Structure formats: structure tokens, C-alpha cells
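Down below is the structure, laid out as C-alpha cells.
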Amino acid sequence: MKVNHNITAQIANINLKKDERRVATSLERLSSGYKITKAADDSAGMAISNKMRTQIRALDQASRNAEDGQSIVQTADGALNEITAMLQRVRELSVQAANDTYTIDDRNSAQKEVDQLLDEIDRISSTTEFNGKKLLDGSSSRSFTSNVDEIRAVSTSMSVPSGKYNITVTAPPEPATVTGSFTIPASGSSTMRINGADIKINSTDSVTTVNNKIFEACDMMDIRVDFTAPSNFTLTTKTTGFDQQIELRMPGQNKIIANGEDAKVTPSTTATPPVLAFSTNAKASADGSKVTIKDNSGFEMVIEVPENAQAGQRVELEVYNAGYMGMQIGANEKQSLYMNFEEVTCRTLALREADGQNRINLCSQHSASVAIGKVDDAIAKVSAVRAELGAYENRLESTVSSLDVASYNITNSMSRIMDTDMADEMTQYTQLSVLQQAATTMLSQANSKPQEVMNLLQGM
């Protein structure tokens, strides 16, 4: 029996330390719920799980991003719903004013309500925002530039590729213009009629009085009056386009009707890169200063040509894909959705000129009738924008669903790698605890051997 080196105790101590480490590991797994708590447990599993955890967190954030996108679309759609309701009211007033039973004063009252409704549409467009980002004022839509400041693109369909396009101004838009003169009767009175509004000229009126009567009546009808001589005048509509009309009937004379002219442009069908050519099927149609170029493939570009444009002027328009509102809807690079929130203002709806002049004029039967068609076009434009937003919302809803499913599947996979099976681990922990107790007992017994030797020596 040896005293200097208690080999038995050393062996028991070594095994006890192993058991303690294994018990500590098992206890850590039970308390954390993970079977891999450090790289030494499973280096490959740790590396894989870290990638999975990164992917899961990115997927969850992308899902929240898509939900934010849904909220943005819903905010814009709510504003467009209000705009649609106001346009429907404008149309109702236009139908009412198109009935020739109303006087100029009656129509003027309706016009005042229309003006307020159009102002409110522009207010909604300029103030609708989400987290400080404007949605309907054009700042979140495709960008356009032009080498001529006054002539520019105002909207394009998604089928229009980005790039440069050339057009030539064939003719600028023109207002309706008519000239006339009046004579103060020697006795009694006479009646002048402008767009259905009667202007009574009395023998007791002065030239200035008659001029004021003409000015007041025309001002309500958005007609500009220029007196070239005391009794001579020129009437000009404040807006341009073929639908602008002045009907003048002087006492004892036949009726004179003058119409304005729409803008005309010629799209270039031949171009050298980087300038893109319009399709040979492209057709240009105009409504006042708004020219729309379409073909049979969904291509649509709306161009604004003001009254001061020059015939023969060549214009280079450029469409950028910049300006879109980008939504990161995936966990990885280049997994983005770019949403185009078109500008929805009275100007882009062709209800106002660029200078703010209303194109909805209810102060004559003709202009009120024309206004019905204009409002119909505006409602159709807003409906098209809402349809596009609805498509975005549906896609984002599907995106949220797919991201949540992907996150669940990856989480499930990581769980199989990382999570502790509590039943198995508890069984293992119980076994290790028994071994630890046994090792402790054996160490105690091994340490008692030297004392037995001492007892033997003392008995000699």
C-alpha cells in the first residue's frame, strides 16, 4: 500500500472533475434551452445557426417594412377616396349648370362651390403624408426633366421606359377670341349676349357704365376683356383649348361663335441612342395644353405645352426611374419594391392650368357641358391611380404572408439545431448527477486509504 502517491484518489478526482464539467454543461443547456451555447459544443451547428438567426431577423424586419408599405398605400387611398367624392360633387354641379334654365348668377354660385372643391383637392394632395413623406404631390413619383422649362412631362404609365424622348411643337394652345363693339341706343335699351348672359344697354348709360357691365359679366365667366377703344372690345378666354368657347350676339347682328385651339405636338419616331424613339403607332391627342401620347402597348405620356410655346420648337424630355418610394421587402440585397405615387392635383387631372386658372367653368351652358367630360376624365384618372395602389397593397399583403412563412420555416430549422430536448437533457442531467455523487463517494473512500496505513503503522 502506497502513501506518497494516492493514485486511486487522483483517478477518482479526475473522473469527478469530468462529471462536474458535464453536469455544468447539462445544467447550462437546461437553464438556457439551447444545446449549443458556445462554439465548442458544435462549431458547424453554431455557424449555421448564426446565419439562420441573421436571416430570421432580416425576414421579420422585411415583414414589418411591408406592413408599413400597406399603411402608406392605405393612407394614400383614403385621401384619393375623398378626392373622388369631391370630383363626383363637381360633376353633379356641372350637370346642374349644363341645364339652360339657370341664370348667370345661379351658375356663378355653383362655380364658387366648384372653386372651393378644387382648392380642397389641391390641399389634400399637398398635405397627405406618411411619417413626413408626401404621397400625392409628385415627390414620390417618377422624375421628369426637359430642356425647355415651360414644356415638360407631367405623368407616364409604367410601360414607358426611362430615357430621353424628342417631340416637336406643331402649334401651341390658343384661347377663344372674339371682337365686338356696342352702340348706346338713343332711346330705350338694347341687349348684348355673351355666352348666354344678357347685358342690358340703356340709353341713359355712359360708355364707362357699359364697359363695367361687360367686365363684370365676363369676369364671372373667366373671360378676359380688353377695350381697344371706348366702345370696342376683345374677349379672350382665360384658358386654352378647343373646348373653350365665346358666343357673342350684338343687338341686331348675327351670333358669333369662336373656339380656342388645342396644342399639337409631333412625337419623334426616329432617334439615335441615348434618345429613344416613339412607336410608329403612337398617337398624340390634346386637351387644351395637355397632350397625351399613346400607343397600343400601354405606353402613355402626358405632356404640358403652355400657351407661350413656340411652333416648331424641338423639346427633349427625359424620364427617370428616380423618385419612386422604395420598400425593402426581402431579407437580401436587391429585394425591393418601388412604388410610384402619381401626382394627383387639379393640374395633373387637367382641371387647372399650370398658372392655377380653372378649366372647370360653369358660367355658360356650353362650358358646363364640357366640364362634365373633363370631370369624367379626372375621375377615371384617380380611379386608375387607386387601382395601381390597390395592386401594390395586394402584393404587399402576399409579401407579408410569404415572409412570415419563410421566417417560421427557418426558425423551425434553427430550432432543430439549437434547441435542447428538455426530456432527453433532463435524463442526461439525472444520470450525470448520480455519477457525480458516486465519484464524490469514491474520492472520499480513496482519501481514507492513507489513514488506514497510519492505523496499521501505529499498531506495530
Members of the range 34-53 that are in a helix (DSSP H, G or I), buried (at least 16 other Cβ atoms within 10 Å of the Cβ) and among the hydrophobic types (A, V, I, L, M, F, W, C): Met46, Ile48, Met52
Qualifying residues in the range 154-190 (those that are free of Cβ contacts under 8 Å to residues at least 60 places away in the same chain and either among the β-branched types (Val, Ile, Thr) or assigned to a strand (DSSP E or B) (or both)) - the one surrounded by the most Cβ atoms within 10 Å (Cβ to Cβ): Ile184
Failed item, numbered, when Thr236 is tested on (1) out of contact with any Ser or Thr (no Cβ under 6 Å at 6 or more places or on another chain); (2) buried (at least 18 other Cβ atoms within 10 Å of the Cβ); (3) assigned by TED's automatic domain parsing to the domain that holds Asn211: (1)
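Somewhere in the range 128-140, is a residue more than 30 Å from Asp68 (Cα to Cα) and in contact with a Leu (Cβ under 6 Å, 6 or more places away or on another chain)?
no
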Candidates Ala110, Ala79 - the one that is surrounded by fewer than 21 Cβ atoms within 10 Å (Cβ to Cβ), at pLDDT 95 or above and part of a helix (DSSP H, G or I): Ala79
The range 303-326 residues that are on the phi > 0 side of the Ramachandran plot, paired with ones that are of a type in the set (Lys, Arg) (beta carbon under 8 Å, 6 or more apart): Gly323/Arg142
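Could you tell me how many of the residues in the range 438-457 are farther than 15 Å from Ala9 by Cα and either at pLDDT 70 or above or touching a strand residue (DSSP E or B) at 6+ places or on another chain (Cβ under 7 Å) (or both)?
The first filter runs over the range 438-457 and keeps only residues farther than 15 Å from Ala9 by Cα, leaving 454-457.
Those left that are additionally either at pLDDT 70 or above or touching a strand residue (DSSP E or B) at 6+ places or on another chain (Cβ under 7 Å) (or both): 455.
The total comes to 1.
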Candidate set from the range 380-405 (those that are within 19 Å of the chain's Cα centre (by Cα) and of a type in the set (Asp, Glu)); member that is surrounded by the fewest Cβ atoms within 10 Å (Cβ to Cβ): Glu397
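Can you tell me which residue among Ala423, Ala446 is exposed (fewer than 15 other Cβ atoms within 10 Å of the Cβ) and more than 30 Å from Asn308 (Cα to Cα)?
Values: Ala446 fails: exposed (fewer than 15 other Cβ atoms within 10 Å of the Cβ).
None of the other options fit; the residue is Ala423.
Which one of these is under 20 Å from Arg359 (Cβ atoms), under 50 Å from the mean Cα position of the chain (by Cα), outside any helix (DSSP H, G or I) and not polar (S, T, N, Q): Arg224, Arg193? Working first, answer last.
Details: Arg193 fails: under 20 Å from Arg359 (Cβ atoms).
Result of the check over Arg224, Arg193: Arg224.
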Hey, Arg395 among the basic types (Lys, Arg), assigned to a loop (DSSP other than H, G, I, E, B) and either touching a residue at least 12 places away in the same chain (Cβ under 8 Å) or in contact with a helix residue (DSSP H, G or I) (Cβ under 6 Å, 6 or more places away or on another chain) (or both) or not: no
Members of the range 197-220 that are in contact with a strand residue (DSSP E or B) (Cβ under 7 Å, 6 or more places away or on another chain) and either surrounded by 14 or more Cβ atoms within 10 Å (Cβ to Cβ) or of a type in the set (Val, Ile, Thr) (or both): Ile199, Ile201, Asn202, Val210, Asn211, Lys213, Ile214, Phe215, Ala217, Cys218
All positions within the range 342-369 that are out of contact with any Leu (no Cβ under 9 Å at 6 or more places or on another chain) and either of a type in the set (Lys, Arg) or surrounded by fewer than 21 Cβ atoms within 10 Å (Cβ to Cβ) (or both): Arg347, Ala354, Asp355, Gly356, Gln357, Gln365, His366, Ser369
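Report, by residue number, each residue of the range 297-339 that is out of contact with any strand residue (DSSP E or B) (no Cβ under 8 Å at 6 or more places or on another chain) and not hydrophobic (A, V, I, L, M, F, W, C). Before the answer, list the steps.
Keep residues of the range 297-339 that are out of contact with any strand residue (DSSP E or B) (no Cβ under 8 Å at 6 or more places or on another chain), which gives 297-298, 306, 308, 331-334.
Once the filter is applied, which keeps residues that are out of contact with any strand residue (DSSP E or B) (no Cβ under 8 Å at 6 or more places or on another chain) and not hydrophobic (A, V, I, L, M, F, W, C), the range 297-339 yields Ser297, Gly298, Pro306, Asn308, Asn332, Glu333, Lys334.
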Residue ID - nearest to the chain's Cα centre (by Cα), chosen from residues in the range 117-133 that are surrounded by fewer than 17 Cβ atoms within 10 Å (Cβ to Cβ) and not in a helix (DSSP H, G or I): Lys133
Residue in the range 129-148 that is closer than 21 Å to Gly288 by Cα and without any contact (Cβ under 8 Å) to a residue 60 or more places away in the chain present: no
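Each row is one residue, and each column tells you yes or no for (1) modelled with pLDDT of 75 or more; (2) farther than 16 Å from Leu443 by Cα.
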position: Asn6; (1), (2): no, no
position: Lys18; (1), (2): yes, no
position: Gly33; (1), (2): no, yes
position: Lys38; (1), (2): yes, yes
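The values are calculated or read from the model by the stated rules, or taken from the named source; none is laboratory data. Owing to the predicted nature of the structure, the values given are computational and were not obtained by experimental measurement. Virtual Cβ from ideal backbone geometry, glycine too; neighbours counted across all protein chains shown.
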